[in-house]
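Just below is one structure, and these are the notes that go with it.
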Amino acid sequence: MQDVLQFIEANKARYLDELTELIAIPSVSTNPENVPDIRRCAEWMKAHLTRIGMEKAQIFPTAGHPIVYAEWLGAPGKPTILLYGHYDVQPVDPVALWTTPPFKATIRNGNLYARGTADDKGQVFIHLKSIEAFMKKSGALPINIKVLIEGEEEIGSEHLDPFVRSHKELLKADLVLISDTSMFARGVPSVCYGLRGLSYMEIEVIGPNKDLHSGSYGGSVHNPIQALAEIIAELHDKNGRITIPGFYDDVRTLTKKEKDAFKKLPWSDAKYAKELGVLALYGEKGYTTLERLWARPTLECNGIWGGFTEEGAKTVLPSTASAKISMRLVPDQKADTIAALFLKHVKKLAPRTVTVKARYVHGGEAAITPIESPGVQAAVKALEKGFGKKPLYQREGGSIPIVVQFKKILGLDTVLLGFGLPDENAHAPDEFLNLDNFYGGIRTAAHFYNELPAFMKRGKR
Ligand code: BES
Ligand code: ZN
């Protein structure tokens, strides 16, 4: 292990150069124009996996973006992990708000800035460098590793689900390991044991058959933007609760034990509000902020458009208006059920003056990993060694839809060993990965591989 840690220390500069190369590929999964970049990124991953000593590196084409797989199974009798991550990234708009170009990795005040540094290329790369260090120093890994890197996580993992179903034997393992979450705070490592699920919806409101002069026609027809705003406003009550009938039916209530554990975390509402620049926090009444973020379902408007939005003034009564709405889900809500309840409710709210079309875009369920599982305990030990500090336990408000499918299809629990930070600007301008977390992450990953066999053995006894 000493050799491995020394190798990591000695190669820090090279790691940055290589990651900069990976970051430079604009693998935005939602943008059809980036399809060639997505392909190039998958090829980069495959080549790099081979270079660091992984075997059978290959690209599986799908009806969407390709899946990259590689394995090293040279440790018979030792545990096998399925290391999952994603090479796709979110769009970079609004580009003007980036301090430096989004695909040019740039270091400022101890952080590496660029799209994908934290979510998730940088975090995948952490593992590749950890694997490489073992391979270079001893020609072997302490465990068996199967690497699965997809290109559609940011758009709902549509084609990964059928791939997992049809490759159960290939993906057979003892647990799933994912680094695609954040630590609790700077200098406060944590293990994440819960993610929220998601139902993503779109609403389109159609009024007159063409855009109208807002003077000549205003007052005669229901403006689609107004109708849409009325529908959206109806979705919450004055206590911040979602009004969709049945929405809360399957919500698992927090145990007293977990509530108490949340309360013990080093958290300040005032500090959080200040950091975000909001005048006051807002959310469902009767719950703390961490409860609302991690263990309560929400409904958010992600985007809304219609009519004239350019600079200046144009008097127009638009023909249509639209919105994209996401609902974050908690155990035991079902994404399809919630989507159906939403569609039913929106239909009921639709005024008879306009046509309202709503559709379910994609979804996935919430996931919880038992804290006492050997994988989580190995992660705790690894973080302690990698960062020199005992980690906290936390949940997350974000989603990784495939996690639940790994459990359902492969029977595997997932260990969420994240090295991002809560203020890393994921999905926003100036995304960054903290460099201490980057190097600490590589060390921690190495410790995790090294510690896992002992924890698995203990778990079996
Ligand atoms: N890395 C995130 C998941 C995440 C977000 C973990 C926040 C912890 C905190 C992941 O890449 C992501 O953004 N997922 C999407 C999934 C969706 C598009 C289905 C999300 O949560 O919005
Ligand atoms: Zn991610």
Looking only at region 188-208, decide whether some residue is surrounded by fewer than 16 Cβ atoms within 10 Å (Cβ to Cβ), part of a loop (DSSP other than H, G, I, E, B) and not hydrophobic (A, V, I, L, M, F, W, C). no
Cβ-Cβ distance below 9 Å, separation of 6 or more or different chains: which pairs start in region 345-365 with a residue that is without any contact (Cβ under 8 Å) to a residue 12 or more places away in the chain and end on one that is buried (at least 17 other Cβ atoms within 10 Å of the Cβ)? 347/356; 347/358
Could you count how many residues in region 115-166 are within 16 Å of ligand 1 (Cβ to nearest atom), modelled with pLDDT of 95 or more and at positive phi? 1
Just name the residue that is nearest to residue 141 (Cα to Cα) out of those in region 38-82 that are in contact with a helix residue (DSSP H, G or I) (Cβ under 6 Å, 6 or more places away or on another chain) and in a strand (DSSP E or B). 70
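Among residues belonging to region 341-386 that are outside any loop (DSSP other than H, G, I, E, B) and touching a Gly at 6+ places or on another chain (Cβ under 6 Å), point out the one that is nearest to residue 223 (Cα to Cα).
341
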What number goes with the only condition from (1) surrounded by fewer than 23 Cβ atoms within 10 Å (Cβ to Cβ); (2) within 16 Å of ligand 1 (Cβ to nearest atom); (3) not hydrophobic (A, V, I, L, M, F, W, C) that residue 101 does not pass? (2)
Could you say whether any residue in region 149-156 is in a strand (DSSP E or B) and touching a Leu at 6+ places or on another chain (Cβ under 9 Å)? yes
One residue from 454, 382 being more than 30 Å from residue 337 (Cα to Cα), crowded, with 24+ Cβ neighbours inside 10 Å and at pLDDT 95 or above: 382
Taking region 354-375 as the region of interest, how many residues are within 16 Å of ligand 1 (Cβ to nearest atom) and either within 20 Å of residue 447 (Cβ to Cβ) or in contact with a Phe, Trp or Tyr (Cβ under 9 Å, 6 or more places away or on another chain) (or both)? 7
Among the residues of region 201-215, is any touching a strand residue (DSSP E or B) at 6+ places or on another chain (Cβ under 7 Å), more than 30 Å from residue 442 (Cα to Cα) and within 16 Å of ligand 1 (Cβ to nearest atom)? yes
Which of the residues spanning region 398-419 are assigned to a loop (DSSP other than H, G, I, E, B) and touching a strand residue (DSSP E or B) at 6+ places or on another chain (Cβ under 6 Å)? 399, 400, 401, 412, 413, 418
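The values are calculated or read from the model by the stated rules, or taken from the named source; none is laboratory data. Source: prediction; values computed, not measured. Cβ atoms come from the backbone with ideal geometry, glycine included; neighbour counts cover every protein chain shown.
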